[in-house]
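Q: Below you'll find the structure I mean.
The values are calculated or read from the model by the stated rules, or taken from the named source; none is laboratory data. Keep in mind that what you see is a predicted model, and the values were worked out from it rather than measured. Every residue, glycine among them, receives a Cβ derived from its backbone with ideal geometry; neighbour counts consider all protein chains shown.
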Amino acid sequence: MSDSPTLVLIEERLRSALSATQVKIEDHSERHRGHAGAKDGAGHYRVTVVAEVFEGKNRVQSQRLVYDALSDLMKDGIHALEMKLSAE
């Protein structure tokens, strides 16, 4: 993971809000350069998060937890977020 401010914030928020034991972030922004809504390509990420808080939750419930943790970044900084979430 690079040390870009957005990536650092994403990791800090996910670890803190979800007590995540593992966080992996891939920046796929360059692949999307020029498409509508992100002409400069910025803000496309894939996150893999392991956190006990996901135990017993369905996919949508788990994704809501992530969106809540990153809510302000979703308005400015994150254009698209692909998630792989698990409790173990």
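Q: Can you go through G41, G56 and tell me which one is farther than 21 Å from E88 by Cα and either assigned to a loop (DSSP other than H, G, I, E, B) or modelled with pLDDT of 95 or more (or both)? Explain how you work it out, then say what you get.
A: Numbers: G56 fails: farther than 21 Å from E88 by Cα.
One residue alone meets the criteria, G41.
Q: Take the residues in the stretch 44-53 that are surrounded by 15 or more Cβ atoms within 10 Å (Cβ to Cβ) and touching a His at 6+ places or on another chain (Cβ under 9 Å), then tell me which one is modelled with the lowest pLDDT.
A: Checking each candidate, the answer is H44.
Q: Scanning the stretch 59-76 for residues that are small (G, A, S) and surrounded by 17 or more Cβ atoms within 10 Å (Cβ to Cβ), which turns out farthest from R15 (Cα to Cα)?
A: We begin by selecting, within the stretch 59-76, every residue small (G, A, S); these are 62, 69, 71.
Among the residues that remain, those that are also surrounded by 17 or more Cβ atoms within 10 Å (Cβ to Cβ) are: 62, 69.
Details: S62: 14, A69: 10 Å.
Per the stated criteria, the residue is S62.
Q: Return the residues of the stretch 44-58 that are farther than 16 Å from V8 by Cα and not polar (S, T, N, Q); say none if nothing qualifies.
A: Scanning the stretch 44-58 gives V50, A51, E52, V53, F54, E55, G56, K57.
Q: Quick one: which of S19, S29, S2 is over 22 Å from R59 (Cα atoms) and either in contact with a Leu (Cβ under 8 Å, 6 or more places away or on another chain) or at pLDDT 65 or above (or both)? Lay out the reasoning, then the answer.
A: On the way: S19 fails: over 22 Å from R59 (Cα atoms); S2 fails: either in contact with a Leu (Cβ under 8 Å, 6 or more places away or on another chain) or at pLDDT 65 or above (or both).
Only one candidate qualifies: S29.
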